[in-house]
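The values are calculated or read from the model by the stated rules, or taken from the named source; none is laboratory data. In this text the structure is predicted, and so the values were computed from the model without any measurement. Positions of Cβ are generated from backbone atoms using ideal geometry, with glycine treated the same way; all protein chains shown enter the neighbour counts. These area figures cover heavy atoms from the full protein model, side chains too; ligands, DNA and RNA do not enter into them. Shrake-Rupley method; radii C 1.70, N 1.55, O 1.52, S 1.80 Å.
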Amino acid sequence: MRLRVRGTTYEGRAVDLRCRDVDGRTVAAALRGDRRLPAVDAPAPGPVADYCGHVHPAMGLRTKTALAAAARSRGHETAHDEAIADLRDRLAALDPAEPSLPRARAPVDDRTVAELREAAATARGRLTAREELGADTDAVEQRVRETARTLAERETERAAAAQSRRQRRDRAREYRDRQARRRRLADRLANRRRDARRALVESVADEFAAALDAVPGVTTDERGDDPLDAPPVPAALATLRLARTDAPVVLETDRFSSPAAAADWLSAPVVRC
């Protein structure tokens, strides 16, 4: 691990930055890649660091979730993993994006079309009558053509509007159905993940309790009746102790005599802030 803070380079398994004007939140963000400074050269944090990569007095901790991540870091598997992978793939295959709907078209009512059909029939009747009489038909033919063209246009518009409505309705229905399937899959996935988390926590529960007992300075009140109810700082340290991670842990706690002692106890690189 190598850190460069305001022109000074710190290197090693245990780095003490308490003499520098830099807080743990800043260092943790740099380790995650969320900040460019201080410059960091170290393994990238894994899932365990999302929960307890920065240990400080004001932290919160979802102990069971963190413990499940720690168990995963040690290669633990559960009987639910295959179902989780399948549900995750099926959920990803359902596109969550809203559909692109065709442009809504103004409807053409039946009365308009009926009137145009009647006008076209009347014009054709007049044309036939004038033809039988041998009278001039130019004006009537023009009227027939105009009426037929207007009727065709309105019928095309009506058909297009009806098709647009059907397409919009069908795509909206398909989207609702797809969203319903996504919700069902998401619920099943959440349930399976809870089952897996429960199994993972159970697989390391005894080790976690032993690690919690070994946390420097842990008190009887902190230990409590249920190790999973321990306060965030000792619970985070116990979780880190049983996890497997090469990424540095940022500590802002006086539980250890030195950064080197913390690194030895956690079996992980440590940055003390």
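P(r) tail for the chain, what percent of Cα pairs lie past 32 Å?
55
Amide H of residue 10 versus every other amide H placed in the peptide plane: which residues, excluding those fewer than 5 positions away on the same chain, fall under 5 Å?
3, 4, 5
Need one word for the stretch 189-273: rounded, prolate or oblate. Basis is the Cα gyration tensor (sqrt eigenvalues a ≥ b ≥ c); a/c below 1.5 gives rounded, then a/b vs b/c decides.
It is oblate, given that a/c is not under 1.5 and a/b is not larger than b/c.
Under the definition of Cα pairs under 8 Å and six or more residues apart, what whole-number percent is the relative contact order of the stretch 167-249?
24
Tell me, what is the FRET efficiency for residue 95 and residue 198 to the nearest 0.05, using R0 = 35 angstrom and their Cβ-Cβ distance as r?
Result of the calculation: an efficiency of 0.65.
Could you sort 252-263, 6-17 so that the peptide with the highest average Cβ count within 10 Å comes first and the rest follow in order?
Ranking, from highest mean packing down: 252-263, 6-17.
Give me the percent of accessible area attributable to carbon and sulfur for the chain, probe 1.4 angstrom.
Of the solvent-accessible surface of the chain, carbon and sulfur hold 45 percent.
Where the only charges are on Cβ atoms (+1 Lys, Arg; -1 Asp, Glu), what is the dipole of the stretch 1-100 about its Cα centre, to the nearest 20 debye?
660
Which value, in Å², gives the accessible area per residue of the chain when a 1.4 Å probe is used on the protein heavy atoms?
That works out to 59 Å² per residue.
Which distance in Å, rounded to a whole number, links the C-alpha centroids of the stretch 1-61 and the stretch 151-187?
Each part reduced to its Cα centre gives a spacing of 53 Å.
Mind giving me the nanometre distance, one decimal, between the label points for residue 246 and residue 42, set 7 Å out from Cα along Cα→Cβ?
Once both label points are built, they end up 1.4 nm from each other.
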